[in-house]
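Take a look at the structure set out below.
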Amino acid sequence: MTAPLGDLSPERFLQEFWQKKPCLIRQAIPDFEPLLDGDDLAGLACEEMAESRLVKGTFAAADWSVEHGPFSNDHFSALPGKNWTLLVQDVEKHYAPLHALMQQFNFIPSWRLDDLMISYAATGGSVGPHTDQYDVFLLQAEGRRRWQISRSFEPELLKDCALNVLKQFEPEQEWILEPGDMLYLPPNVAHHGVALDPGMTWSIGSRAPSGADLLQGLGEWLAFSDEQGGRYSDPSLETGNRAGEIDVSALRGLRDLMLAGIDGNEDLDNYLAAFMSRFRLAHEPLPPAETRTSAELQRALIGGAVLFRNPWTRLTWIENECGARLYAAGQAYDCSTSLAENLCRGNQPHIDAALLDQPSLTTLTALVNNGHFLLTAAD
Ligand code: SIN
Ligand code: CO
């Protein structure tokens, strides 16, 4: 599978651009044929499960408005001819064939990738100049869009506005993207895209937890552990403290207790892998109505049945002394590193069921019975 980077190799892209500077790639995907069109996107935006927004306005008029879906067909029929954008998140999870596009970005670790957001814009459509906290690949899928960017900008946002739009924006660089062109932006680069024709931009977004996300999750993880991260103690307490004061040695003791939850926590790697398998999870995978035994699962797979990863299941794994600990939407499973890697490769893993040992089969059965993999009958 070729990376959608034109003449750039993934190695050079990571060295020179990733998290460092913007990169325009003309014909990143030559002859790009979008698998969805604006009508498909509008249809998806009418569904309860989809997260969608409709943004109207222009930078010149500073008249931004945003509505959240689900929408109705009548809503779309009543839209004006210009200056609006429909955006839908997680589209690859709603429409499985788009997973192949996400796979082209596998030069980025899968746990760092978030989703495919698709926007359909009428001429003049824009979400205003803004910054994102994540790296994003903006692939022009249909029509032309002018992108303007600025790396040094005034961070003040427009007041009383439902969108995070910059109050001022002076572009430093601009390009007109045609279908197949792609603009990569690292976090915190101000950007402003305006549709020159009706068309679509497909944003492959990354995810990066904040320290606050990780510490909040760690607090919950410790609260559910036996020791609860230990408790503050002060066996050397002396008299003479001032009313209400938490003195320097007590502050150090509290801080050391917190740090022990990180540095002295033997379970920290498991926590991190579990956390990343849940971070920004939009919908919990649901278990199937009927469960299977491992013998039934093995027979079905040998008979040609195919496994599909539930699109809402995020998988991560870490290596440990016994093989791998795999996390699926926060749930832990033990398996071999090869099974873990296999299950994480694409959304339709190829498993040779006849060769599976019993522990691997048990893990796979649990993953199926917990709704992380769906089994489809052989044709
Ligand atoms: C858009 O597709 O309109 C917005 C994408 C972005 O700025 O991240
Ligand atoms: Co953006």
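In table form, for the structure just shown:
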{"read-out": "THR2-ARG26 pseudo-label distance in nm [points 7 Å out on the Cα-to-Cβ vector]", "value": "1.6"}
{"read-out": "Phi to ³J(HN,Hα) by Karplus 6.51 cos²θ - 1.76 cosθ + 1.60 over segment 359-371, Hz, x for Gly, Pro", "value": "x, 5, 5, 5, 4, 4, 5, 5, 4, 5, 5, 9, x"}
{"read-out": "Kirkwood-Stokes translational diffusion coefficient of segment 60-181, alpha-carbon pairs, 4 °C, 1.567 mPa s, µm²/s", "value": "78"}
{"read-out": "Given LYS82/LYS167; LYS93/LYS167; LYS20/LYS56; LYS56/LYS93, the pairs whose alpha carbons are separated by over 29 Å", "value": "LYS93/LYS167; LYS20/LYS56"}
{"read-out": "Extended-chain gain in nm, criterion 0.36 nm per residue less alpha-carbon gap, LYS82 and ASP267", "value": "61.2 nm"}
{"read-out": "Spatial separation of Cα centroids for segment 54-113 and segment 150-200, in angstrom", "value": "15"}
{"read-out": "Mean shadow area of segment 1-147 over all directions, Cα convex hull, nm²", "value": "9.5"}
{"read-out": "Sparse-neighbourhood loop sites, trypsin sites (Lys or Arg not before Pro) in segment 133-181 - DSSP loop, at most 14 other Cβ within 10 angstrom", "value": "ARG151, LYS159, LYS167"}
{"read-out": "Paramagnetic reach from GLN216 (point 7 Å along Cα→Cβ, amide N under 18 Å) across segment 261-294", "value": "272-284"}
{"read-out": "D_trans [Stokes-Einstein, Kirkwood Rh over alpha-carbon pairs] for segment 88-247, 37 °C, 0.692 mPa s, µm² s⁻¹", "value": "172"}
{"read-out": "Accessible area of the chain belonging to carbon and sulfur atoms, whole % at 1.4 Å probe", "value": "50"}
{"read-out": "Kirkwood Rh, angstrom, segment 181-233 [1 / mean 1/r, Cα pairs]", "value": "15.7"}
{"read-out": "Built amide H within the under 5 Å cut-off of VAL127, gap 5+", "value": "GLY193"}
{"read-out": "Over the chain, relative contact order from alpha-carbon pairs under 8 Å, at least 6 apart, %", "value": "15"}
{"read-out": "Label-point separation in nm, LEU157 to GLN19, each point 7 Å along Cα→Cβ", "value": "2.5"}
{"read-out": "Derived scalar couplings ³J(HN,Hα) [segment 96-111; Karplus, 6.51 cos²θ - 1.76 cosθ + 1.60; whole Hz; x for Gly, Pro]", "value": "3, x, 6, 4, 4, 5, 4, 4, 5, 9, 6, 6, 9, x, 4, 5"}
{"read-out": "³J(HN,Hα) computed for each position of segment 34-44 - Karplus, 6.51 cos²θ - 1.76 cosθ + 1.60, integer Hz, glycine/proline x", "value": "x, 7, 10, 10, x, 5, 4, 5, 4, x, 5"}
{"read-out": "Test item: Cα-centred dipole of the chain, Lys/Arg +1 and Asp/Glu -1 on Cβ, debye", "value": "480"}
{"read-out": "Accessible surface, the chain, averaged per residue in Å² (probe 1.4 Å)", "value": "53"}
{"read-out": "Residue-span extension gain [LEU259 to LEU237] - 0.36 nm each, minus C-alpha spacing", "value": "5.8 nm"}
{"read-out": "Per-selection Rg to Rh, the chain - Cα, Kirkwood hydrodynamic radius", "value": "1.03"}
{"read-out": "Exposed GluC sites (Glu not before Pro) absent: longest stretch of the chain, with sites in DSSP loops and at most 11 other Cβ within 10 Å deemed exposed", "value": "49-155"}
{"read-out": "Of LEU315, LEU79, LEU251, the one that fluctuates the most in a GNM where the chain has Cα springs shorter than 10 Å", "value": "LEU251"}
{"read-out": "For the chain, built as a Gaussian network whose Cα springs stay under 10 Å, the top-fluctuating residue of ALA60, ALA42, ALA329", "value": "ALA60"}
{"read-out": "Computed [θ] at 222 nm, deg cm²/dmol, the chain (DSSP H ≥ 4; -39,500 (n - 2.57); rounded to nearest 500)", "value": "-6500 deg cm²/dmol"}
{"read-out": "Cβ-placed point charges (K, R +1; D, E -1), dipole of segment 294-376 about Cα centre in debye, nearest 20", "value": "300"}
{"read-out": "Most mobile of PRO30, PRO179, PRO198 in a GNM of the chain (Cα contacts under 10 Å)", "value": "PRO30"}
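The values are calculated or read from the model by the stated rules, or taken from the named source; none is laboratory data. Please read all numbers here as calculations on a predicted model, not as lab measurements. FYI the Cβ positions are ideal-geometry reconstructions off the backbone, even for glycines, and counts take in every protein chain you see. These area figures cover heavy atoms from the full protein model, side chains too; ligands, DNA and RNA do not enter into them. Shrake-Rupley method; radii C 1.70, N 1.55, O 1.52, S 1.80 Å.
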